[in-house]
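Notes follow once the structure below has been shown.
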Amino acid sequence: MIDATQLGNRLRVARERRGLSQQAVADALDLPRTAVTNMESGSRAVSTLELTKLAEIYGYSAAFFLAANEEPEAEDLSVVLHRALPEMEHAPEVETAVQRLLDLYCEGAVLRRMLDQTIEQTVPNYAARMTNVGDSIRQGEAVAQEERRRVGLGNSPIRNIAEFISDQGIWTAATELPDSLSGLFVNHPTVGLAILVNRQHWPVRRHFSYSHEYAHALFDRSETVTTTRRENSSELMEKRANAFAAAFLMPPEGVAEQLAQIDKGHPSRLAQIIFDVANNSTIEAEIRARPGSQVITYQDVAVLARHFGVSFEAAVWRLKSLNHISANETEALIDQKDIGNKYIKLLGFQELLEEGAPPEASEQELRSQLMRLAIEAFRQEEISRGRLIEIGRKLAIEGDELIELAEATRPD
């Protein structure tokens, strides 16, 4: 936490940066000008409600003014965002939605600092130089394998990628974004590591986008904001993130295991050598698969897509990249995308389809993270009832309900 003088200095600098007079701020707060003067000098306490109102006036989050070791001059994430997302200038609803999430992320970052919970040091940084497409693909696939090993995933499918990333300490949520933008990664002192994906996209696409942005968190942490959009898909860092996402969601051994489950993926001819202990010699034999039995059909692709929670098309291209199918077979299967999706739909897995209106994306992971941090900070007397209620309001949680939960953690 910061002292009253530091808080007052931040309030003064923030006001000056917005070109506001003390009288204008006083009028907005319905206070005498001397009250604002005393706030900025540190000789008058600032209430929770006043701080919330000041944050709205100055365009900062309330949590920012309370964060340790931050100065308003250095806090310019909104400027970086507008440069990275120029579409926000003509889409106020997008700007409002993005800023709301970043404000929540900032609240969480402040709570973490209060509780001495450092996250960035526990998330590996695999930054590496790339010179060509081959480098980007090799790096993406190698790190995907290493990450699976690090967290003990083995070859298992990841049913909820947002929850997985959240468990790594990275803020995750879906929000309003321009349609051409599938997601973005943010690394800034005021929020830490954060991922936002497009809530207007279908769940199966968001599943891949989360994994893609997680790659940026692992590789591209030197960037303040990294956007994933159609226009930059040819960049090496985007190709690396795509390679990571495909390999992370569909590991090579996991794909091979699933093909073996349906008796596919074997060579058409398999040589067998058996040691004959009686004659101290070997017996050689060749096992031939039934003609046509090893052909991977649209039905097999659909089963693979369902298992790993990816789209039909993503499963086809992963089979191609792992050399389970040829270029001609890939083209034929892509042409059968519609029948494959119809098969998936009949199985009852509509979330794997990219059709119709996407279902509402929840903020379950983010709410869980922030509620836990806020309640723990209240238990340790790092925040007041007023701050707890304010955080609850931002999460659309009734203040009395959150207070009840928080007070239950304290001894009688």
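Here, each number is a calculation from the coordinates, and none is a lab measurement. Being a predicted model, the structure only gives us computed values, none of them experimental. Cβ coordinates were reconstructed from backbone atoms using ideal geometry, including for glycine residues, and neighbour counts include every protein chain displayed.
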Between helix 133-151 and the chain: long-axis angle, C-alpha atoms, 0 to 90°, nearest 10: 80
Dipole moment magnitude, nearest 20 debye, segment 363-412 about Cα centre, only Lys, Arg, Asp, Glu C-beta charged: 160
Most positive-pole-ward Cα, N232, L111, T37, against dipole of the chain from beta carbon charges: N232
Reachable lysines, given that their alpha-carbon falls under 28 Å from the alpha-carbon of K320 and they are not under 8 places away in the same chain: K239, K264, K337, K342, K345
For segment 221-228, 3J(HN,Hα) per residue [Karplus equation, 6.51 cos²θ - 1.76 cosθ + 1.60, θ = phi - 60°, Hz, x = Gly/Pro]: 6, 6, 8, 6, 9, 10, 9, 10
Per-bin percent of Cα-Cα distances, segment 106-232 [10 Å]: 12, 42, 37, 9, 0
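With n ≥ 4 as the cut-off for DSSP H runs, can you work out [θ] at 222 nm for the chain, using -39500 (n - 2.57) per run divided by the number of residues, rounded to the nearest 500?
Details: 19 runs with 221 residues, N = 412.
Counting only the DSSP helices, I get -16500 deg cm²/dmol.
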Cα-centre dipole for the chain with unit charges at Cβ (Lys and Arg positive, Asp and Glu negative), debye to 20: 540
Per principal axis, descending, Cα span of the chain in whole Å: 101, 51, 44
Residue-wise HN-Hα coupling along segment 93-110, computed from phi with Karplus coefficients 6.51, -1.76, 1.60 (Hz; x: Gly, Pro): 5, 5, 4, 4, 5, 5, 5, 4, 5, 5, 5, 5, 4, 5, 4, x, 5, 5
Per-peptide average of other Cβ atoms within 10 Å, ordering 153-166, 172-185, 362-375 highest first: 172-185, 362-375, 153-166
Charge-dipole axis of the chain as Lys and Arg at +1 and Asp and Glu at -1 on Cβ define it, positive-most pick from G154, L402, Q294: Q294
